[in-house]
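Enquirer: I have a structure I would like to understand better, so I am pasting it below and will then ask my questions one at a time.
Please treat every number below as a calculation from the coordinates, not as lab data. It should be emphasised that the depicted structure is a prediction, and the values quoted were computed from it without experimental measurement. Here the Cβ is made from the backbone with ideal geometry for all residues, glycine too, and neighbour counts use every protein chain on show.
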């Protein structure tokens with residue numbers, strides 16, 4: 001009796017004879033296949049929205065967003081987590097990426113690590129997962145033991161669990177409370193889920209973290225109001241953001257940023273509300289860090305309160 005292969009493991013009829021095609025023909029096939037990914041992700045927006053609301057609610061109570069995956073999926077989780085502090089000005093502890101095999105697996109394939117559910121459970125225990133956290137398990141196949149173990153451990157600790165997979169009926173659907181399953185079909189190179197499945201996961205992670213940070217007030221309008229100013233390019237970007245958001249001239253922006261200790265939020269409130277740095281900081285604190293609320297403009301959820309109970 002034959003076992004039906006999951007979609008991500010099936011052979012793609014549109015790429016047969018691939019090794020006999022020209023460079024441009026191969027590229028066109030890749031491009032056509034990639035074009036289907038965004039549509040598959042769009043169909044999952046209701047599930048993605050539920051996951052975002054869980055993340056926002058958890059962070060408002062001092063919780064974290066933790067990605068868990070193996071191989072390509074794990075690397076994508078670590079990538080998204082590592083981009084949150086410089087983009088949104090949040091603590092590196094707030095969004096974390098955990099990969100089967102640890103740091104070495106980021107640059108070298110350690111495929112055997114994904115076969116251990118016990119390792120996934122152990123890694124969640126090491127993170128001291130609580131009921132305020134949201135754990136997102138990333139597995140293109142939906143069968144990875146490491147990810148299933150991590151989700152089971154998180155669930156047992158009361159955390160909200162989210163599964164991101166490209167196979168809707170896979171075992172991950174029975175462990176995750178929220179299932180996000182963009183079904184992208186067979187890969188151009190059979191079983192190479194770093195391609196369409198990896199792209200789908202990257203799109204979903206962009207949506208989860210970015211939307212949660214917007215909802216929590218780490219973005220003002222569509223500006224990175226908490227952007228890190230760690231190099232010349234980013235310092236110029238910071239000045240441009242404050243100038244565009246406030247309508248002030250370059251000289252006023254530079255002077256106000258110095259007075260604000262180069263805190264974009266403080267500088268913007270100073271310019272828009274006509275207050276000094278101390279008053280601007282007071283308003284921002286009262287608004288839980290939300291610049292729009294500090295300006296009395298309303299909108300958005302409140303950022304997480306500072307809490308001594310927050311996990312590391």
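Enquirer: Once fully extended, how much extra length lies between residue 125 and residue 255, figured as 0.36 nm per residue of separation less the alpha-carbon to alpha-carbon distance?
Expert: 42.0 nm
Enquirer: By how many nm would the segment from residue 206 to residue 18 lengthen if fully extended, with 0.36 nm per residue of separation less the alpha-carbon distance?
Expert: Contour length minus Cα-Cα distance gives 64.6 nm.
Enquirer: Provide Rg and Dmax in Å for segment 162-312, with only Cα atoms included in the calculation.
Expert: 20.6, 61
Enquirer: Continuing with the same structure: For segment 38-215, go through all pairs of different Cα atoms, get the mean of 1/r, take its inverse, and jot down that Kirkwood value in Å.
Expert: Evaluated on segment 38-215, it is 15.6 Å.
Enquirer: Among 71, 163, 251, determine the one that fluctuates most according to a GNM of the chain built with springs between C-alpha atoms less than 10 Å apart.
Expert: Residue with maximal mean-square fluctuation among 71, 163, 251: 251.
Enquirer: Taking only Cα atoms and a 10 Å spring cutoff, compute GNM fluctuations for the chain and point out the largest among 161, 23, 193.
Expert: Among 161, 23, 193, the largest mean-square fluctuation in the Gaussian network model of the chain belongs to 23.
Enquirer: Report which label in (1) 75, 49, 35; (2) 74, 56, 37; (3) 58, 44, 37 holds the value of Cα extents along the principal axes in Å derived from the coordinates of this structure.
Expert: (1)
Enquirer: Here is a further query. With n ≥ 4 as the cut-off for DSSP H runs, can you work out [θ] at 222 nm for the chain, using -39500 (n - 2.57) per run divided by the number of residues, rounded to the nearest 500? Each step should come with its number before you reach the end.
Expert: On the way: 12 runs with 143 residues, N = 312.
Calculated from helices alone, the mean residue ellipticity at 222 nm is -14000 deg cm²/dmol.
Enquirer: Right, something else. Mind giving me the FRET efficiency for residue 222 and residue 156? R0 is 35 Å, r the Cβ-Cβ distance, nearest 0.05 is fine.
Expert: It comes to 0.35.
Enquirer: Continuing with this model, one more query. How far apart, in nm, are two points set 7 Å out from the Cα along the Cα-to-Cβ line at residue 34 and at residue 93?
Expert: Each label point lies 7 Å from its Cα, and together they span 3.9 nm.
Enquirer: Sticking with this one: Given contacts defined as C-alpha pairs under 8 Å and at least six residues apart, what's the relative contact order of the chain, whole-number percent?
Expert: 20 percent
Enquirer: Could you work out how far apart the two model spin labels at residue 53 and residue 194 are, taking each label as a point 7 Å from the Cα in the direction of the beta carbon, and quote it in nm?
Expert: It works out to 3.8 nm between the two label points.
Enquirer: 7 Å from Cα along Cα→Cβ at both residue 103 and residue 232: what's the point-to-point distance in nm?
Expert: Distance between label points: 3.1 nm.
Enquirer: Using Cα pairs under 8 angstrom and six or more residues apart, how large is the relative contact order of segment 75-140, in percent?
Expert: On the way: 39 pairs, mean separation 15.8, N = 66.
Computed over segment 75-140, the figure is 24 percent.
Enquirer: Okay, next question. Please report the relative contact order for segment 38-215, taking Cα pairs under 8 Å with a sequence separation of at least 6, and give it as a percent rounded to a whole number.
Expert: Answer for segment 38-215 is 25 percent.
Enquirer: Okay, next question. Take every Cα-Cα distance within segment 77-126, group them into 10 Å bins from 0 onward, and report for each bin the whole-number percent of pairs it holds.
Expert: Histogram of Cα-Cα distances, whole percents per bin: 24, 46, 26, 4.
Enquirer: Here's a follow-up. Just report the Cα centroid separation between segment 83-150 and segment 208-237, whole Å.
Expert: 25 Å
Enquirer: Expressed in nm to one decimal, what extension gain is obtained for the pair residue 275 and residue 110 from 0.36 nm per residue of sequence separation less their Cα-Cα distance?
Expert: Extra length from residue 275 to residue 110 when fully extended: 53.9 nm.
Enquirer: Taking just the alpha carbons, could you work out the radius of gyration and Dmax for segment 14-88, both in angstroms?
Expert: 18.1, 56
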